[in-house]
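This report concerns only the one structure given below.
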Amino acid sequence: MPGCHAPPSRCEAHHIIHWVDGGVTAIDNMVLLCLVHHHFIHRHEWHVTLHPDATVTVLPPLEASA
């Protein structure tokens with residue numbers, strides 16, 4: 001998440017396409033998020049995109065659907 005400085009050792013793997021929706025557990029479908037942001041994204045349905053250059057975009061629900 002922008003502005004979060006949690007080290008990877010304090011993060012969890014987040015499935016970009018959730019495994020319940022058919023997402024696979026693979027590097028190109030995962031990003032690391034701290035516990036707080038991981039739960040926040042699920043609770044508020046934010047959208048995470050992992051780009052081919054390994055950058056990540058995180059958008060709130062309204063911006064992601066626009």
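The values are calculated or read from the model by the stated rules, or taken from the named source; none is laboratory data. Everything quoted here is computed from the prediction, not taken from an experiment. A quick note on method: Cβ atoms are made from the backbone with ideal geometry, for glycine too, and the neighbour counts reach across all protein chains shown.
Checking each residue in region 34-48 for being under 14 Å from H18 (Cβ atoms) and not charged (D, E, K, R) picks out H38, H39, I41, H42, W46, H47, V48.
Taking region 41-59 as the region of interest, how many residues are touching a residue at least 12 places away in the same chain (Cβ under 8 Å) and either in contact with a strand residue (DSSP E or B) (Cβ under 8 Å, 6 or more places away or on another chain) or assigned to a helix (DSSP H, G or I) (or both)?
10
Scan region 6-23 for residues that are at pLDDT below 95 and assigned to a loop (DSSP other than H, G, I, E, B) and jot them down. Hits for region 6-23 are I16, I17, H18, G22, G23. Criterion first (of a type outside the set (A, V, I, L, M) and either touching a helix residue (DSSP H, G or I) at 6+ places or on another chain (Cβ under 6 Å) or surrounded by fewer than 10 Cβ atoms within 10 Å (Cβ to Cβ) (or both)) does H42 satisfy it? Answer is no for this residue.
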